[in-house]
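S.K.: The structure's right below; bear with me while I get my questions together.
The values are calculated or read from the model by the stated rules, or taken from the named source; none is laboratory data. None of these values were measured; they are calculated from a predicted model. Cβ atoms come from the backbone with ideal geometry, glycine included; neighbour counts cover every protein chain shown.
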Amino acid sequence: MRLGKGFKKVGEFNKNKRLGKKSGRKQADSSSTEYDGDMRNVSRAPLRDSLKANIEHVRRTTGGSPDVVVRKFVVGRNPGVEAAALFVDGLVDDKNVYDFVLEPLLQSNIPPQKSGKDLLDFIENSLVAVSGVERVSDWSEFFSGLMEGSTMLMLDGVSLALKTGTQGGQFRSIEEPTSQLAVRGPREGFTESLRMNTAMVRRYIRNPYLWQESMVIGEATQTRVSVMYIQGIANDKVVEEVRRRLKRIKADSILESGYIEQFIEDKTFTLFPTVYHTERPDIVAANLLEGRIAIFVDGTPFVLVVPALFIQFFHAVEDYYYRFDIASALRFLRVLIFFLSLVAPSAYVAATTFHQEMIPSALVLSLAAQREAVPFPAFIEVLVMEIAFEILREAGVRLPRQIGQAISIVGALVIGQAAVEAGFVSTSTVIVVSITAIASFATPTVAIATSARIIRFVFIVISSMFGFYGLVIGLLFMTLHLCSLRSFGVPYMSPLAPMIPSNAGDTILRKPIWAWKERPRLISQNNIIRQEPYQRPMPPHRTGDTPPADTGDKSPANTGGTPPTKTMEKTPASSGDDKGENGE
Amino acid sequence: MIGKWRRLVVVLICTAVLPGCWSQNELNDLALVFAIGLDLTEKGEYEMSVQVVNPGNVAGATQRGGGAGGVPYTVISATGDSPMEANLKMSLKLSRILYYGHANLVVIGESLARKGVAHALDALERNSEFRTTSRVVIARGQSAKETLKVLTPIAKVSSNQIQSMLSHSQTLWGHTVEIDVWELFHDIYSTGVNSVVSGINIVGNRADGAKQTNVQSTEPEARLVLDGLGVFKQGKLDYWIPTNGTRGVLWIMNKVRQTNITVAWQGKPEAIGYHIVRTNVSVRPHMKNGKPSIKIRVEALGDILETLVPVNLADADQINRIEKLIEHSIWKELTAAVRNMKERKTDVFGFGEQFERNYPKDWRKLEADWFSVHFPQLDVSVEVNAIIRTAGLRIKPFKRTVELGG
Amino acid sequence: MEQTKINTRQLFILAIMFELGSSAVIPVGTSAMQDVWLVVLIGLVLGMALFLVYYRLSQYYPGDVLTAYTERIVGVWPGRVLAVIYIVYFLYLTARVLRNFGELLLMFAYMETPLIILNAIMMLTVIYAIYKGIEVVARTGELYIIGQALATAAGFALVIMSGIMNLNLLKPVLQAGWGQIWKTAATETTFIPFGEMIVFTMLFPLVNRPERTGRTLLAAMLISGLILAAITTLNVTVLGAETVARSVFPLLDTVRRIEVARFLERFDAFFMIVLIVGGFFKASVYFYAAVEGTVRLFRMRKQHRLVYPLGLLVLIISLATASNFAEHLKEGLQISTMYLHIPLQVVVPIVLLCIAAFRRRKAERKDHSGDKSDS
């Protein structure tokens, strides 16, 4: 938002951008008024010698904001050098600032130095007791440091400033995540602090090869973004691609990971998400171990995980903590539910308007009896009811939690019943629409549920025009579209299509944990072996209870099993294709 | 590029708004036909009647029969030179589109059956809306239209009642057969078999059958009753087998599932009742020197469920004797049935078809006068094996022999 | 030019869906009455022999498709003419598939809807599919094969459970005599559906393990042939040979008779769904072959521009080829066999094979004579 300097038309703004020109403001270069600049281009001019001038510049750039604290003091005695510490109140950890930055500087036994520069060296090397100490020489780095919560130290006569890492401030404490609840499993959820989030993940993966790369995205917001991956498991090419896409973003504001998601996703004009987001560190850790890459954005507890596959959106974290039978059954149920929420209303419309012979004779009488009283055709009824449900759902989201639940239930029951009795809709339509709504709530990930909501309407329209034929064609279109999507190079529908049998044990049905031998092949591509074979729990060997002699540390951890004679070593998929195609 | 897509979207939206989703029909625009009746008028025209259900009075009605709603269905009929023409004429009398997808019953009037059903059935078989799994019955003693009009006490729609009657009666009693349009049509064109269709009759005051008062008393005035088996020759109804003779015929056709046999004991007729739980029949053709013969083997398994005389059912010898009596009884019934069919020269059992399938070369010689010559002279032997499984919950008779009446 | 690959599993699945796509529906070989299963099996064997011809031919020119190596065999201009003929052949067959399905839907579910609409909808899907690329179709196939397999298995199970099968109807065996059987096999079942595998020669370069292509496709033919024989046997045992011979969609009649426990009945619509999916894959493969042939022939770079006009063309052909269903059937079973299938599926490939083998041998002899002269 550019206020105050005239309102440019959007086209012109874009035109200038496209042509690579900066906005029509005065250019910020060192030859002219170097103090100017604007939100998107903080000036790159160097600091000056005079402390007073520097402080003045800071005051002017920040508009005299009272939370930018300037603490002037004198360093050393005989002679003392004038100095100032600048920080933003609220962004810094007070203890660090006062105890570990200011206090050492305010001592009286600082030996005199030859020059200001030497004094600065001395301060940097021997006095300041915090980490993240750096020298900055130009204003953009200065402000970047200041605005992230570092304390900037300036000495009179030195055109450098010292940036000390004193970030802190109040953050939300670690709470249970609200969006992905689990009955069994850790109850930690991410918070808005990037550092805390990465630390939480590090607690799950205490391995030095969990690498992190940091960058700043967003011209105005200067948001810190961190990319984490496990070196050696994650596909280097995908990491490179992520890096490339993130660096390409040149936007004003990055307020939430959703912004990043929309900038880096593979395909915008699709109804399906290709980037997964989560609030739970255990999910992020599990995905990292499979070779995926996590993107943390400061200021939001939602962390992005790429590459994302369709089947991932049907996985709940508890599936892995429970045993395989219940996990498989629940997953299967979820897929069924998703499918139901997608086609139930359209199937109802198709059956009652085109294919009445499909309905058993007894049921068709009931349906016909109900429809007698209703003036609208089935299609309109279903459409109206669906829209009504969407309205109810939106209303339920906005209301405070306690009232929201009551209103949803009351709304659904009462309004539905009243509508039936008034003769607007028939009971069977209410049932169908309710089942659909419940099914859409049961979809584990909101992203997919949203896709289903929209597609459902399209299907209703198609099936009202062409019956089951239309529905099948619609499903074909949807499947074709799904199969053509890729998420960072990996086909969206793998490991179902292309079918990779070794990975297919974690799609709808889940293999027991001792059978997870390999990581998802298309995502990690190297270091595929996840665990040793023969992990299956077995009772102790019959003859005596002493386990057989160890033949090396490759034996399984349990007793009694025959040690493997050879380990499984797979070479990385050799398709040679850079996007990790259907290697087989 | 974007412009092209925009235009395409606009075009697609327009097509959605265009009138006529051609094959679409709202449920309440349809007249759901649950049964079809076909009759022959005196002028030789076809009269087609349909039982159109009134859904509001059938489902969702809180009280049963005679309540606020009215009759559960209406019978509408029209005449024409062919079933199709009659069908079209019915639209003059109806406010909705006739929908045959649920027409599960076809009632054919006797006069039409005697003239020949092939023409009528052809229209039904060819039509894609009508399902050939619908059941067929012949209206006996009254027209199909009158049959359709009778209101039934237990099922609201008489079509459902008749279908259930057919199905359960065949399963439990074995005296009637449940045949669908497809089978009938198939058999008509087969050269080695004659078809049989169950007949249906109205017992009681026919005229009152169509009124709602019929079902408002505990004993309805007019009732639908399955009555006998109609035998078809070349698509025409030839004669009726009365109810007491149908079982033998159906047994050989392997259509009997459960039934009852009673045998005489110690001079008392019908003294022991044997209930057959499972029965299986195998019919095997044999050809010796150009002479055809059929061997029929019957297996029956059942329990003794009724004894009117004191008989010790723990004694294996007794059981054996009873078994022999039962086998003899079945044998008598089946051979009588075969003899009757032979006299009438109608091969309802499909013996001819058996020869066609197993001895095709010989069949070609026999085919021409199968019904007139070879079938009546066919050598048919019946072998029965009946097993008494249990005797209910009681084994020995009462110690005191008391002269009990009854 | 396609650069993506499909793996052997996807190829296998595509081939099965292709073979069973319309043949499960349209009666083939029914003039053999109850021996139709035998006719199907014989057609399978002959078809596999034909396929070996195609395969051997393509092995001489790995990485090329049929329309490309005709040029190299018979010379540039005759080869190109031949390529155009094959492209038109594939287009025509796509149109036939489309018409078959449109007619089926029209006849039993959508009587009032104009045929053009039904065909257009299917064609739109096919256009979209090929626009996205054949590997997308292959992946979709992997997803749908599960559903199709389950539905087929369930269908068989339900028919058996309904007790409507009568094995006696298969007798007498060989009533029509061997002569009739061979005649039917040679004229009907060899070409549809087994001879249609010629279209897969256009997919050979896409397979990521070329040495396994032959085996995979032969296995697919075998399995789909067996399933087809099973389906036709089912039809005969349920409906009887005569009804099968006179009905347009015997499998539909069979499915309609399913009645288990008075509850599991009326499955026509599910049958229709299975059918549409099968038809879609069949049409897609044909259409892909036509598009690919054209792209290669005219050395085009942007394949997707071609998809819409060719699609429209197919739609128009599907409507124009016959004015009523009887004509369509006659064209398909009699006329096209004589004028299209025999020359294009049998004669031309065998001739091409001979010429190619001859040329290869000549080239080898030239090499060897060169060597010999050295020693």
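Let's see how each residue does on (1) more than 14 Å from chain C (Cβ to nearest Cβ); (2) of a type in the set (Asp, Glu); (3) buried (at least 20 other Cβ atoms within 10 Å of the Cβ); (4) in a strand (DSSP E or B):
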residue: B:282; (1), (2), (3), (4): no, no, no, yes
residue: B:298; (1), (2), (3), (4): yes, no, yes, yes
residue: B:322; (1), (2), (3), (4): yes, no, yes, no
residue: B:347; (1), (2), (3), (4): yes, yes, yes, no
residue: B:363; (1), (2), (3), (4): no, no, yes, no
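S.K.: Still on this structure, I have one more. Among helices (runs of 4 or more DSSP H) lying entirely in the range B:45-159, which contain 3 or more residues that are more than 12 Å from every other protein chain (Cβ to nearest Cβ) and of a type in the set (Val, Ile, Thr)? Before you say what the answer is, go through the steps one by one.
M.R.: On the way: elements: B:55-58, B:83-90, B:110-115, B:118-126, B:144-149.
Counting at least 3 such residues, we get no helices (runs of 4 or more DSSP H) at all.
S.K.: Considering the range C:317-328 alone, what residues qualify as being in a helix (DSSP H, G or I) and in contact (Cβ under 8 Å) with a residue 12 or more places away in the chain? Quick ask: steps written out before the conclusion?
M.R.: First, pick out the residues of the range C:317-328 that are in a helix (DSSP H, G or I): C:317-320, C:325-328.
C:317, C:318, C:319, C:325, C:328 - these are the residues of the range C:317-328 that are in a helix (DSSP H, G or I) and in contact (Cβ under 8 Å) with a residue 12 or more places away in the chain.
S.K.: Oh, and also: Enumerate the pairs (first residue in the range C:73-87 and more than 16 Å from residue C:349 (Cβ to Cβ); second residue anywhere and of a type in the set (A, V, I, L, M, F, W, C) and buried (at least 16 other Cβ atoms within 10 Å of the Cβ)) with beta-carbon separation below 8 Å, excluding pairs fewer than 6 apart on the same chain, so at least 6 apart or on different chains.
M.R.: C:80/C:297; C:84/C:297
S.K.: Please go through the range C:129-141 and give me each residue that is surrounded by fewer than 22 Cβ atoms within 10 Å (Cβ to Cβ) and under 14 Å from residue C:6 (Cβ atoms), ordered by number.
M.R.: Quick first cut of the range C:129-141, residues surrounded by fewer than 22 Cβ atoms within 10 Å (Cβ to Cβ) only: C:131-133.
Correct list: C:132, C:133.
S.K.: One residue is enough: does the range C:64-79 have a residue meeting the conditions hydrophobic (A, V, I, L, M, F, W, C) and surrounded by fewer than 16 Cβ atoms within 10 Å (Cβ to Cβ)? Walk me through how you get there before you give the answer.
M.R.: Keep residues of the range C:64-79 that are hydrophobic (A, V, I, L, M, F, W, C), which gives C:65-66, C:68, C:73-74, C:76-77.
Add one more test, that the residue is surrounded by fewer than 16 Cβ atoms within 10 Å (Cβ to Cβ), and what stays is C:76-77.
Yes; the residues of the range C:64-79 include at least one that is hydrophobic (A, V, I, L, M, F, W, C) and surrounded by fewer than 16 Cβ atoms within 10 Å (Cβ to Cβ).
S.K.: Report, by residue number, each residue of the range C:98-136 that is farther than 21 Å from residue C:252 by Cβ and among the basic types (Lys, Arg).
M.R.: C:132
S.K.: Please work out which one of (1) within 24 Å of residue C:187 (Cβ to Cβ); (2) modelled with pLDDT of 80 or more is the condition residue C:336 fails and give its number.
M.R.: Here residue C:336 meets the rest and fails (2).
S.K.: Right, here's the next one. Here's a check for you: in the range A:256-277, which residue that is of a type outside the set (D, E, K, R) and assigned to a loop (DSSP other than H, G, I, E, B) is nearest to the chain's Cα centre (by Cα)? If you could, list the steps in order and put the result at the bottom.
M.R.: Restricting attention to the range A:256-277, the residues satisfying the condition of being of a type outside the set (D, E, K, R) are A:257-260, A:262-264, A:268-277.
Still in the running and assigned to a loop (DSSP other than H, G, I, E, B): A:268-275.
Numbers: A:268: 17, A:269: 20, A:270: 18, A:271: 18, A:272: 15, A:273: 12, A:274: 11, A:275: 8 Å.
By that ranking, first place goes to A:275.
S.K.: Would you please name the residue that is nearest to residue C:277 (Cα to Cα), looking only at residues in the range C:1-15 that are away from every other protein chain (no Cβ under 12 Å) and surrounded by fewer than 24 Cβ atoms within 10 Å (Cβ to Cβ)?
M.R.: C:2
Residues checked against (1) among the charged types (D, E, K, R); (2) more than 20 Å from residue A:200 (Cβ to Cβ); (3) crowded, with 17+ Cβ neighbours inside 10 Å:
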{"residue": "A:143", "(1), (2), (3)": "no, yes, yes"}
{"residue": "A:148", "(1), (2), (3)": "yes, yes, yes"}
{"residue": "A:153", "(1), (2), (3)": "no, yes, yes"}
{"residue": "A:158", "(1), (2), (3)": "no, yes, yes"}
{"residue": "A:161", "(1), (2), (3)": "no, yes, yes"}
{"residue": "A:172", "(1), (2), (3)": "yes, no, no"}
{"residue": "A:175", "(1), (2), (3)": "yes, no, no"}
{"residue": "A:180", "(1), (2), (3)": "no, no, yes"}
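S.K.: Also, I was wondering about something else. Quick check on the range A:324-375: of everything there that is within 14 Å of another protein chain (Cβ to nearest Cβ) and of a type in the set (Asp, Glu), which residue is farthest from residue B:73 (Cα to Cα)?
M.R.: Applying the filter and picking the extreme gives A:357.
S.K.: Does the range A:210-240 hold any residues that are more than 23 Å from residue A:253 (Cα to Cα) and either among the small types (Gly, Ala, Ser) or not in a helix (DSSP H, G or I) (or both), and which are they?
M.R.: Passing the criteria: A:210, A:211, A:229, A:230, A:231, A:232, A:233, A:234, A:235.
S.K.: Next up: When residue A:477 is evaluated against the numbered criteria (1) under 30 Å from residue A:374 (Cβ atoms); (2) free of Cβ contacts under 8 Å to residues at least 40 places away in the same chain, which criterion, by number, is the only one it fails?
M.R.: Only one criterion is unmet by residue A:477, namely (1).
S.K.: Just checking: which of the helices (runs of 4 or more DSSP H) contained wholly in the range C:157-262 hold 1 or more residues that are in contact with a Pro (Cβ under 6 Å, 6 or more places away or on another chain) and within 14 Å of chain B (Cβ to nearest Cβ)?
M.R.: Numbers: elements: C:177-184, C:213-239, C:241-246, C:250-256.
Passing ranges, in order: C:213-239, C:241-246, C:250-256.
S.K.: In this structure, is residue A:266 more than 23 Å from residue A:339 (Cβ to Cβ), of a type in the set (D, E, K, R) and in contact with a helix residue (DSSP H, G or I) (Cβ under 7 Å, 6 or more places away or on another chain)?
M.R.: When the stated conditions are applied, residue A:266 does not pass them.
S.K.: Step by step: first the residues of the range B:349-361, then only those that are of a type outside the set (Phe, Trp, Tyr) and more than 27 Å from the chain's Cα centre (by Cα), then the one that is farthest from the other protein chains (Cβ to nearest Cβ). Which residue is that? Reasoning before the result, please.
M.R.: Pass one, the range B:349-361, residues of a type outside the set (Phe, Trp, Tyr): B:350, B:352-354, B:356-358, B:360-361.
Right, trim to more than 27 Å from the chain's Cα centre (by Cα) and you get B:358, B:360-361.
Numbers: B:358: 6, B:360: 4, B:361: 9 Å.
Ranking the qualifying residues of the range B:349-361, first place goes to B:361.
S.K.: Within the range A:291-343, how many residues turn out to be among the aromatic types (Phe, Trp, Tyr) and surrounded by 24 or more Cβ atoms within 10 Å (Cβ to Cβ)?
M.R.: At the first step, the residues of the range A:291-343 found to be among the aromatic types (Phe, Trp, Tyr) are A:296, A:302, A:310, A:313-314, A:320-322, A:324, A:332, A:338-339.
Those left that are additionally surrounded by 24 or more Cβ atoms within 10 Å (Cβ to Cβ): A:296.
Count: 1.
S.K.: Inside the range A:276-292, can you point out the residues that are of a type in the set (Asp, Glu) and under 19 Å from residue A:239 (Cβ atoms)? Let's see the steps before the verdict.
M.R.: Let us first name the residues in the range A:276-292 that are of a type in the set (Asp, Glu), namely A:279, A:282, A:290.
Within the range A:276-292, A:290 is the sole residue that qualifies.
S.K.: Looking only at the range A:481-505, count how many residues are without any contact (Cβ under 8 Å) to a residue 12 or more places away in the chain and either more than 10 Å from chain C (Cβ to nearest Cβ) or over 24 Å from residue A:320 (Cα atoms) (or both). If you could, list the steps in order and put the result at the bottom.
M.R.: Within the range A:481-505, the subset without any contact (Cβ under 8 Å) to a residue 12 or more places away in the chain is A:484, A:499, A:501, A:504-505.
Narrowing the set further to residues that are either more than 10 Å from chain C (Cβ to nearest Cβ) or over 24 Å from residue A:320 (Cα atoms) (or both) leaves A:484, A:504-505.
The number of residues fulfilling the criteria is 3.
S.K.: Follow-up question, since we're still on this one. Hey, residue B:170 hits all of (1) touching a strand residue (DSSP E or B) at 6+ places or on another chain (Cβ under 6 Å); (2) more than 26 Å from residue C:252 (Cβ to Cβ) but one; which does it fall short on?
M.R.: (1)
S.K.: Count, please, the residues in the range A:178-194 that happen to be in contact with a Ser or Thr (Cβ under 9 Å, 6 or more places away or on another chain), at pLDDT 85 or above and not aromatic (Phe, Trp, Tyr). Walk me through how you get there before you give the answer.
M.R.: Step one: list which residues in the range A:178-194 are in contact with a Ser or Thr (Cβ under 9 Å, 6 or more places away or on another chain), which gives A:179-180, A:189-192, A:194.
Checking which are at pLDDT 85 or above leaves us with A:189-192, A:194.
Of the ones still in play, those that are also not aromatic (Phe, Trp, Tyr) are A:189, A:191-192, A:194.
Counting residues in the range A:178-194 that are in contact with a Ser or Thr (Cβ under 9 Å, 6 or more places away or on another chain), at pLDDT 85 or above and not aromatic (Phe, Trp, Tyr) gives 4.
S.K.: If a residue must be within 8 Å of chain A (Cβ to nearest Cβ) and either in a strand (DSSP E or B) or at pLDDT 75 or above (or both), how many such residues does the range B:15-44 contain? I'd like the intermediate steps shown before the answer.
M.R.: First, pick out the residues of the range B:15-44 that are within 8 Å of chain A (Cβ to nearest Cβ): B:16, B:21, B:23-28, B:30, B:32, B:34.
From what is left, the residues that are either in a strand (DSSP E or B) or at pLDDT 75 or above (or both) are B:24-28, B:30, B:32, B:34.
Going through the range B:15-44 one residue at a time, the tally reaches 8.
S.K.: Would you pick out the residues in the range A:376-422 that are within 13 Å of chain B (Cβ to nearest Cβ) and closer than 20 Å to residue A:350 by Cβ?
M.R.: Answer for the range A:376-422, where residues must be within 13 Å of chain B (Cβ to nearest Cβ) and closer than 20 Å to residue A:350 by Cβ: A:376, A:377, A:378, A:379, A:380, A:381, A:382, A:383.
S.K.: Looking only at the range C:109-129, count every residue that is assigned to a helix (DSSP H, G or I) and facing chain A (nearest Cβ under 10 Å) and tell me the total.
M.R.: Residues that pass the stated criteria total 9.
S.K.: Would you mention how many residues in the range B:174-213 are surrounded by fewer than 20 Cβ atoms within 10 Å (Cβ to Cβ) and farther than 21 Å from residue B:104 by Cα?
M.R.: So the answer is 12.
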